[in-house]
Amino acid sequence: MISRRMFMRSVFGAGIGVLFAGSYGRFFEPRWVELNHIPIKIKDLPHRFEGITIAQLSDIHHCKYVPREFVRRCVRKVNALSPDIIVLTGDYVYDPSYRASTFLLPVADELAELKAKEGVFAVLGNHDNKDRTFSALSESGIHVLIDEHVALYRGKEYIFIAGVDDLWRGKMNLERTLKGTDDKPKILLAHNPDAIEMIKATDVDFVMAGHTHGGQVSLPLYGTPVVYSKFGARYAAGLFREGKTWMYVNKGIGISSFPVRFCARPEITLFTLTVKL
Ligand SMILES: [Fe+2]
């Protein structure tokens, strides 16, 4: 039989544990950025693109819980990687109803400092006002892709970089996005990984997505209780293969709904593309 003293000690110990986990999830982990290096093999990648690097930053959600100084620190981390290309996969603010001067323009000013030899490309997410975000990012020198693609040249060789409108908030149109492309490799930016359901029927080689925040909270022995996806936790984070298409789901650097991260650290990803023989 457990004594009253032992019971009180257990309650006290559990209380300390909850307090520690809460403080860690609220104040420490949301600023503890991990850097993931992911190699991606692409069939028929042109010789001149062998080893090209792409840095991905996602789901910034600039708000009072994701301060401008933290965004600046992440931008510096990305620049320190000296990537050939930088991609941004949506959700630049948490609440798009605020005046642009409160969060959108400041985050766009920070993103204007991103430096990539062959360009910075972006798509919009479900927390982004389409017109205001398009103009704020465009004025920061960022190429926003809404159901369109560009050809990226090295000499006479080229690959395609495409971006779709958001699956939830926008009017994603894959056919329009890829119209005019040929059989050269295609890299696609899509905020919401649920879009893979449609993308896997195309000849897109590699998709970079965000949106899920890795669930934001992942409990030991349980997993991620909340993932905003119709597939549950299936595409919460990491690298997936669907048909001939690779998809990487980045956990993002910001937070939404609740200002906590637990076992779902914020993430910057650096991809290196190599040819698949
Ligand atoms: Fe998000």
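Rule-based calculations on the coordinates, nothing more; no lab input. Please read these numbers as outputs of a predicted model, since none were measured by experiment. Quick reminder, even Gly has a Cβ in these numbers, built from the backbone with ideal geometry, and neighbours come from all protein chains shown.
Brief remarks on what is shown
- Within segment 235-263, if we keep just the residues that are β-branched (V, I, T) and assigned to a loop (DSSP other than H, G, I, E, B), the residue that is farthest from the ligand (Cβ to nearest atom) turns out to be V260.
- Some residue of segment 193-204 being in a loop (DSSP other than H, G, I, E, B), of a type in the set (A, V, I, L, M, F, W, C) and within 16 Å of the ligand (Cβ to nearest atom): no
- Hey, L178 more than 24 Å from L273 (Cβ to Cβ), out of contact with any Gly (no Cβ under 6 Å at 6 or more places or on another chain) and away from the ligand (no atom under 16 Å from the Cβ) or not: no
- In segment 52-81, the qualifying residues are those that are under 14 Å from the mean Cα position of the chain (by Cα) and part of a loop (DSSP other than H, G, I, E, B), and the one that is nearest to the ligand (Cβ to nearest atom) is D59.
- For segment 227-277, the tally of residues that are of a type outside the set (G, A, S) and without any contact (Cβ under 8 Å) to a residue 12 or more places away in the chain stands at 3.
- Pairs are defined by a Cβ separation below 7 Å, a sequence spacing of at least 6 or placement on different chains, a first member in segment 42-55 that is farther than 18 Å from T245 by Cα, and a second member that is in a loop (DSSP other than H, G, I, E, B) and of a type in the set (A, V, I, L, M); the pairs so defined are A55/L81.
- Count - residues of segment 160-204 that are among the charged types (D, E, K, R) and more than 20 Å from Y235 (Cβ to Cβ): 8
- Meeting the requirement of 3 or more residues that are over 17 Å from the mean Cα position of the chain (by Cα) and not basic (K, R), the strands (runs of 3 or more DSSP E) wholly within segment 82-161 are 148-154.
- Test for R132: is it within 28 Å of K64 (Cα to Cα), within 16 Å of the ligand (Cβ to nearest atom), surrounded by fewer than 23 Cβ atoms within 10 Å (Cβ to Cβ) and of a type in the set (D, E, K, R): no
- The set of residues from segment 207-232 being buried (at least 24 other Cβ atoms within 10 Å of the Cβ) and of a type in the set (F, W, Y) is empty.
- In segment 196-221, the residues that are closer than 21 Å to F160 by Cα form Cβ pairs under 8 Å with partners that are of a type in the set (D, E) and within 16 Å of the ligand (Cβ to nearest atom), at six or more places apart or across chains, as follows: G210/D59; G210/D91.
- Scanning segment 264-277 for residues that are within 13 Å of the ligand (Cβ to nearest atom) and among the basic types (K, R) yields a count of 0.
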